[in-house]
1. Please find the FRET efficiency linking L498 to K466, where r is the Cβ-Cβ separation and R0 is fixed at 60 Å, and quote it to the nearest 0.05.
2. Projected area of the stretch 79-498, taken from the Cα convex hull and averaged over every viewing direction, in nm²?
3. How much mean residue ellipticity at 222 nm does the chain get from its helices, if each DSSP H run of length 4 or more adds -39500 (n - 2.57) and you divide by all residues, to the nearest 500 deg cm²/dmol?
4. Once you charge only the Cβ atoms, +1 for Lys and Arg and -1 for Asp and Glu, what is the size of the charge dipole of the chain about its Cα centre, to the nearest 20 debye?
5. Considering the zone a paramagnetic label at S74 would reach in this model (a point 7 Å from Cα along the Cα-to-Cβ line), which residues of the stretch 367-404 have amide N under 11 Å from it?
6. Could you work out the Kirkwood radius for the stretch 18-117, taking every pair of different alpha carbons, averaging 1/r and inverting it, reported in Å?
7. Please give the FRET efficiency for V270 paired with L220, using the beta carbon to beta carbon distance and R0 = 35 Å, rounded to the nearest 0.05.
8. In what sequence, highest mean first, do 118-129, 387-398, 185-196 appear when ranked by Cβ atoms within 10 angstrom?
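Where a number appears in this text, it was derived from the coordinates with a stated rule and is not lab data. Note that the structure is a prediction, hence the values are computed from the model and not measured. All Cβ positions, even for glycine, are placed from backbone atoms using ideal geometry, and neighbour counts span all protein chains on display.
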Amino acid sequence: MSELTKPTLIMRILNGVERAGNKLPDPAMIFLFSMVLIWVLSAIMSHMTFEAIDPRTGGAIEIKNLLTGDALASFLAGMVKTFTGFAPLGVVLVAMLGVGVAEHSGYINAGLKMMLKVTPQALLTPSIILIAIVSHTATDAGYVLVIPLAGIIYYSMGRHPIAGIAAAFAGVSGGFSANFIPSGIDPLLQSFTETGAQIIEPGMQINPLNNWFFTSASSLFIILLGWYITDKIVEPRLAGTKVDSNSDDLPEFGEITSKDKRCFFAASLVMLIGLVLLFVSVYPDDSPLRSADGKLADFSAPIMQSIVPLIFLLFIVPGAVFGFMSGTFKSSKDMVDAMTKSMNSMAYYVVMAFFCALFIDAFKQSNIGALMAIEGAQGLKALQLPSAVTIIGIIILTGIVNLFVGSSSAKWGLLAPIFVPMLMQLGISPDLTQAAYRVGDSTSNIITPLMPYFPLVVVYCQRYVKGTGIGTVISMMLPYSVALMVGWTIFLLIYWWLGIPLGIQASYVYP
């Protein structure tokens, strides 16, 4: 092999990660084996005594034995409820019903063809990452809309579709805490930060947008970083990976006709009317779609809890209009067939979701995840490191815990009562502590198979390359994860050093 064709060190490492990862069992079996492991560990650790204090109860944390007769009986009795109550499952399936109609009617196809005519090839990647970051405003919409659409867009432009999926996944999940637009995650994290701060100063108030300026600036950083990694590392490495051209599920793009344009604009007009009606409905201060105190971005607001049903409606209605106007749909049965096709592609994900739901429930019930988070935080506290090093330690610890505990709010609920008062005693404000947590909470999302949406990304990739496995996705996303962990940490330290405001009513120091 000549020097020109010899793989670089980075490529060899990533290829090794892919080979090792693809030798792992199927994701469904990984979740099953992990659940059994948690059972065994819970039985062993339940006889141990831990000094770590559980911030949720105020008492010493206890590991629950999941192998007792009562626990196993409860597991069997609640198995169906655990599966059907698995939040990502409902989000994915309901949204995909509407998206399926829009896709198979030709509505999405027509929209993409029109968009591709005005989007410069060179700006495709940053545009995708930007949309992925903004999608956080609609909770988990990015996973079911932006990521698969990115694959279709790249494929239609003659680029590798899995590179598009990687870029979107990096924006949606790797840059989870970055956004120009405030979302429900802001007041959710703020509530835990405020509770932690009140341990030191009762009555202390934290603004929900205390990190808004930092997350907005982070968006620009992540777009540039993701753009470089996608175009210079990920896509060149995928050059030798052939797309399965014999797949029946690959999108086909031809020339857009005048009829397509008329149908698309008519369907889009219907969607626009729907959005206007939605705006009119939420505008009044006493709108039933607002929370009890009149807020829209609060998680308790019905509008925030209706994001997925709204996605369903905002795709199925224009999709149906386009289908019947263009002749793609002849009857309601054609719409049902379109939904059925979209569900067929989700069958593998449903199987994985079943085992994933059982594992996550066992991990939560056992308290092992809580123990990991609390012991890690206490260990960091005991080191008594300088302020900047402590911030780095919080980011790294959060990233490690994030590999096992996916819920952002659950982790911060455990860590905030330790981190926030600890750093306040070092003169660091709760606002800066929360910003550090948000960096660590985002960067390792994209490399852990235990993240609930990770199997869904594997399914998206298998649409184009049927042999895609866990190792393929991990090796593809590893450059993003490492670069985000290192780069975003440095970005926060420089941001802090320059003294740029973190957000509204935020500070770096306490008091």
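1. Values: r = 49 Å, r/R0 = 0.81.
Efficiency computed from Cβ-Cβ geometry: 0.80.
2. Numbers: hull surface 85.5 nm².
Averaged projected hull area, Cα only: 21.4 nm².
3. -21000 deg cm²/dmol
4. On the way: 27 positive and 30 negative charges, 223 e Å.
Charge dipole of the chain: 1080 debye, to the nearest 20.
5. Output list for this probe position: 367.
6. Hydrodynamic radius (Kirkwood, Cα pairs) of the stretch 18-117 is 18.4 Å.
7. Working: r = 35 Å, r/R0 = 0.99.
Rounded to the nearest 0.05, the efficiency is 0.50.
8. 185-196, 387-398, 118-129
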